[in-house]
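Asker: Sharing a structure here in structure tokens format.
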Amino acid sequence: MSQSNETVHRVEGMTCGHCEASVREEVEELDGVESAVADRAAGTVTVRGVASRDDVRRAVEAAGYALVD
């Protein structure tokens, strides 16, 4: 059984609900991710599950946004 955790990543460029949905959908497609919640007001995506920062970065970039270091 794998251990699930929750991580918060800063995302640059989300300005609307469509942005949030795009980020959430891309991140949720990652193996090991149980759920993702994108919040444009906070500029974050909260990931529940097991995923590397690099995988989250690639997913966010695939949605057209950038992970902030």
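FYI, it's all coordinate maths here, none of it is from the lab. In this text the structure is predicted, and so the values were computed from the model without any measurement. As a convention, Cβ positions derive from the backbone with ideal geometry for all residues, glycine included, and neighbour counts pool all protein chains shown.
Asker: Answer yes or no as to whether Glu6 is touching a Ser or Thr at 6+ places or on another chain (Cβ under 7 Å) and without any contact (Cβ under 8 Å) to a residue 12 or more places away in the chain.
Answerer: Spelling it out, it is not the case that Glu6 is touching a Ser or Thr at 6+ places or on another chain (Cβ under 7 Å) and without any contact (Cβ under 8 Å) to a residue 12 or more places away in the chain.
Asker: While we're here: Looking at Ala51, Ala62, can you tell me which residue is of a type outside the set (Asp, Glu) and over 17 Å from Thr7 (Cβ atoms)?
Answerer: Criteria check complete, one pass: Ala62.
Asker: Related question: Can you name every residue in the range 21-54 that is within 16 Å of Val68 (Cβ to Cβ) and either in contact (Cβ under 8 Å) with a residue 60 or more places away in the chain or not polar (S, T, N, Q) (or both)?
Answerer: Val23, Val27, Ala38, Asp39, Arg40, Ala41, Ala42, Gly43, Val45, Val47, Arg53, Asp54
Asker: Sort out which residues of the range 24-48 are over 19 Å from Asn5 (Cα atoms) and among the hydrophobic types (A, V, I, L, M, F, W, C), and write them in order of number.
Answerer: Within the range 24-48, Ala41, Ala42 qualify.
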